[in-house]
1. Pick out, from G94, A70, S158, the residue whose Cα sits farthest towards the positive end of the charge dipole of the chain, with +1 on the Cβ of Lys and Arg and -1 on the Cβ of Asp and Glu.
2. Provide the solvent-accessible area of T171, counting protein heavy atoms only and rolling a 1.4 Å probe, rounded to the nearest 10 Å².
3. Counting each DSSP H run of 4 or more residues in the chain as -39500 (n - 2.57), what helix-only mean residue ellipticity at 222 nm follows after dividing by all residues, to the nearest 500 deg cm²/dmol?
4. How many nm separate the modelled label positions at Q95 and A16, each set 7 Å beyond the Cα in the direction of the Cβ?
5. Using θ = phi - 60° and the Karplus curve 6.51 cos²θ - 1.76 cosθ + 1.60, what whole-Hz ³J(HN,Hα) does each residue of the stretch 85-96 get, with Gly and Pro shown as x?
6. With θ set to phi - 60° and the Karplus curve 6.51 cos²θ - 1.76 cosθ + 1.60, what are the ³J(HN,Hα) couplings of the stretch 100-108 in order, to the nearest whole Hz, using x for Gly and Pro?
7. Spelling out what I want: for every residue of the stretch 109-117, take phi, set θ = phi - 60°, compute 6.51 cos²θ - 1.76 cosθ + 1.60 (Karplus), and round to whole Hz; glycine and proline get x.
8. What dipole magnitude, in Debye to the nearest 20, does the chain give about its Cα centre under +1 on Lys/Arg Cβ and -1 on Asp/Glu Cβ?
Amino acid sequence: MTDSTTVPAPAPTSTATLWQTVAEIERHVATDGWGAPVRLFALVRTAEALRRDPALADRLPADVVAAAEADPAHLTSVEQDGLPAVVDLDDLLGQLAWPEAVDGAAVVVERVLVPPDAEVEVRASAPADDEARLAALAAHPLAEDVRIAVGVLRDGRSECVVRSRSKDRDTDVATGATLVPGLVSALQATFSG
């Protein structure tokens with residue numbers, strides 16, 4: 001007979017748990033107001049982190065420990081400080097690699113959105129200079145400032161939260177798994193390889 005060690009299967013992380021975590025991250029970032037830099041978060045299953053480091057229970061709020069005891073899929077976000085200075089978000093995400101203990105990641109970024117017709121109009125009339133074109137897009141009367149929070153898990157699940165500056169209330173955010181597909185894909189790519 002062969003001696004084998006039973007390794008517990010990873011606890012599933014529900015889509016509802018991921019959505020709740022991304023929404024909490026966006027609300028946290030929103031408390032700092034508009035005009036914030038890119039913010040990046042590692043996502044870890046709280047129960048697993050507590051299993052690996054029981055002393056962590058003394059450093060986490062009691063309600064987080066209780067939530068992890070009640071739901072093995074509960075996620076804790078850990079903001080990543082000291083991000084490298086990069087020209088754009090793609091450069092930052094291209095530099096990331098996560099250790100195995102990290103179950104997912106979230107990023108929060110602000111952007112200016114304009115309707116597709118307005119973007120075509122500005123691109124046709126603006127000079128080829130990217131900075132001038134971006135300034136023209138931002139100055140367009142239909143331009144809208146938005147804060148985008150995207151979270152992904154290693155298993156491919158994703159959630160997005162989008163808040164517009166004109167409707168800057170927690171009750172008026174848009175949510176969905178693929179609201180920002182390009183950013184979802186870029187963040188998921190940080191877990192490949």
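1. Positive-end residue among those listed: A70.
2. Ignoring ligands and nucleic acids, T171 comes out at about 120 Å².
3. On the way: 8 runs with 70 residues, N = 193.
The helix-only estimate for the chain comes to -10000 deg cm²/dmol at 222 nm.
4. Between Q95 and A16, the label points sit 3.9 nm apart.
5. These are the phi-based 3J(HN,Hα) values: 6, 9, 6, 9, 4, 4, 4, 5, 5, x, 8, 8 Hz.
6. Here the 3J(HN,Hα) series is 4, 5, 8, 8, x, 8, 9, 9, 10 Hz.
7. 9, 9, 9, 10, 10, 10, x, x, 5
8. On the way: 16 positive and 31 negative charges, 48 e Å.
That gives a dipole near 240 debye.
The values are calculated or read from the model by the stated rules, or taken from the named source; none is laboratory data. These figures come from a predicted structure and were not determined experimentally. Note that each Cβ is placed from the backbone with ideal geometry, even for glycine, and that neighbours are counted across all protein chains shown. These area figures cover heavy atoms from the full protein model, side chains too; ligands, DNA and RNA do not enter into them. Shrake-Rupley method; radii C 1.70, N 1.55, O 1.52, S 1.80 Å.
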